[in-house]
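Here the structure is laid out as structure tokens; the discussion comes afterwards.
Here, each number is a calculation from the coordinates, and none is a lab measurement. These figures come from a predicted structure and were not determined experimentally.
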Amino acid sequence: MPAALILIADGTEEMEFTITYDVLVRGGVKTTSAFVPDLSSPSVSVSPPAAKGSRGINIIPDSYLDFGECGPDKYDLLVIPGGAKGAETMSKSPTVQELVRRYIQEKKFVGMICAGSLVAQSAKLEKQPITSHPSVKAQLENEFDYSEKPVVVSDYLITSRGPGTTFPFALTLVELLCGKERREEIRGPMVFPANTPF
């Protein structure tokens, strides 16, 4: 069974986190979440605190971010959601940056959505096709081959635009991990409106 790790921080966009988590589980992917602390506001805790999302919804992560427990030897996919504050916390985290580089080096998938795509820049990934939320396009378009497609797949890096593209983003991740047939199996019961283009 493939396994995925989804990161979460204070300010993470709730739809991008929960829809991706839900769709991966439906696809048969063992999914875990890890809390990324804001390094600018130190706090010590034994268990992960509730992450307060960008719209004020509290989500309790499964674990804390731990480099030794979050690497590509344990998971097949690393997901970085957006949300301005959450994405800023993740993009400034040396642990997240190193994990992204390791996953790509080990030919494991990395998914970034919305402002989460800023981690591609802070992790110093090579120039390649990428997309993001329009609000951070200017920060990325000179260093990457910027696209405005809903989902962009560049080898092991998968990026997407925002809350409204989370379903095609998550379904693409299921397809990459579990195959096109599995994607179609779970898509039907989700009952998208007729002619939905993904």
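List of remarks:
- Dividing the summed helix terms, -39500 (n - 2.57) for each DSSP H run of n ≥ 4, by the number of residues in the chain produces a 222 nm estimate of -9000 deg cm²/dmol to the nearest 500.
- Taking the DSSP beta bridges with both ends in the chain, the antiparallel portion is around 20 percent.
- Rg/Rg_ref, region 93-150, where Rg_ref = 2.2 N^0.38 Å and atoms are Cα: 1.06
- Kirkwood hydrodynamic radius (C-alpha pairs) into Stokes-Einstein, region 3-189, 25 °C and 0.890 mPa s, D in µm²/s: 153
- Amide H contacts of Gly53: Gly11, Asn58, Ile59, each under 5 Å away and 5 or more positions distant or on a separate chain (H built 1.01 Å from N in the peptide plane; Pro and chain starts excluded).
- Amide H contacts under 5 Å for Ala4: Lys30, Thr31, Thr32, Asp76, restricted to partners 5 or more places along the chain or on a different chain, H placed in the peptide plane at 1.01 Å from N.
- Taking θ as phi - 60° and the Karplus parameters 6.51, -1.76 and 1.60, the scalar couplings of region 21-34 work out to 4, 4, 5, 4, 4, 4, x, x, 9, 6, 10, 10, 10, 9 Hz in sequence order, x denoting glycine and proline.
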